[in-house]
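Okay, structure first, notes after.
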Amino acid sequence: MNKLRPMKALRSLLDFYIQSSMHVSLAVAALAGVTLLEFGFPVQLDLLLFLFFGTVVGYNFVKYAGVANLHHLEKTPHIKAIRIFTAMAILGLTYLVFQLPIEIVLYSGAFGALTILYAFPFLKGRNLRSLRGLKIYIIAIVWAGSTHCKNSDCDCTCLDRAFCSLSVCNCPHASVRDS
């Protein structure tokens, strides 16, 4: 019986890791880091943290703030810890907004606005998520734009490649409920 306690603790920790969108946020930061390296730019910790915190806030906002997504509240035993984690991410994001160049903040803000439109109804009570077939493309646009530098060296070809790659990667994750 004592052998089960560490497994339950590990399971609880893993559930929190997944439900709090940490895995997605690490993936976004890692993809941005790889992109910086690919183009010969120095890896900037403040930029990667900005993307990490922004992704935590964005994903948790979409997942837990929407009225249509109240089913997650019942399925998520860690909701209070996730809210605290998200609040800490908001604080980190707010701090980093004042540390980064305004161009990066404005560029990223456009993708934040798209994320808000993804969750909030603005078209006769419908949001971007409810428009059939658009979910994969919206996610790919936000990921491609967020993880690629706003620089003359990163042209439309590189964004097109990222958009196509991310669209294909998202296909298996398109849920029946969201289509």
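The values are calculated or read from the model by the stated rules, or taken from the named source; none is laboratory data. Small disclaimer: the values here were computed from a predicted structure and weren't measured. So basically every Cβ, Gly included, is an ideal-geometry build from the backbone, and we count neighbours across all protein chains shown. Just the protein is used for accessible areas: all its heavy atoms, side chains included, with ligands, DNA and RNA removed. Shrake-Rupley method; radii C 1.70, N 1.55, O 1.52, S 1.80 Å.
Of Arg132, Arg83, the order by accessible heavy-atom surface (1.4 Å probe, DNA, RNA and ligands excluded), from most exposed downward, is Arg132, Arg83. At the residue level, Met7 shows approximately 120 square angstrom of accessible surface with a 1.4 angstrom probe and all protein chains present.
Whole-Hz Karplus values for the range 5-11 come out as 4, x, 5, 5, 5, 5, 4 Hz, taken residue by residue from phi with 6.51 cos²θ - 1.76 cosθ + 1.60 and θ = phi - 60°; glycine and proline positions read x. Full extension of the segment from Gln44 to Leu10, taken as 0.36 nm per residue of separation minus the current Cα-Cα distance, would add 9.1 nm.
Could you tell me which chymotrypsin sites (Phe, Trp or Tyr not before Pro) in the range 19-66 are loop residues by DSSP with no more than 16 other beta carbons within 10 angstrom of their beta carbon? Filter output for the range 19-66: Phe39.
If R0 is taken as 30 Å, the Cβ-Cβ distance between Lys124 and Ala65 corresponds to a FRET efficiency of 0.90. Here the simple spin-label model places points 7 Å from the Cα toward Cβ, and for Ile116 and Ile102 these points are separated by 1.9 nm. Backbone geometry of the range 119-126 corresponds, through the Karplus equation with coefficients 6.51, -1.76 and 1.60 at θ = phi - 60°, to 3J(HN,Hα) couplings of 9, 8, x, 9, 10, 6, x, 10 Hz, x marking Gly and Pro.
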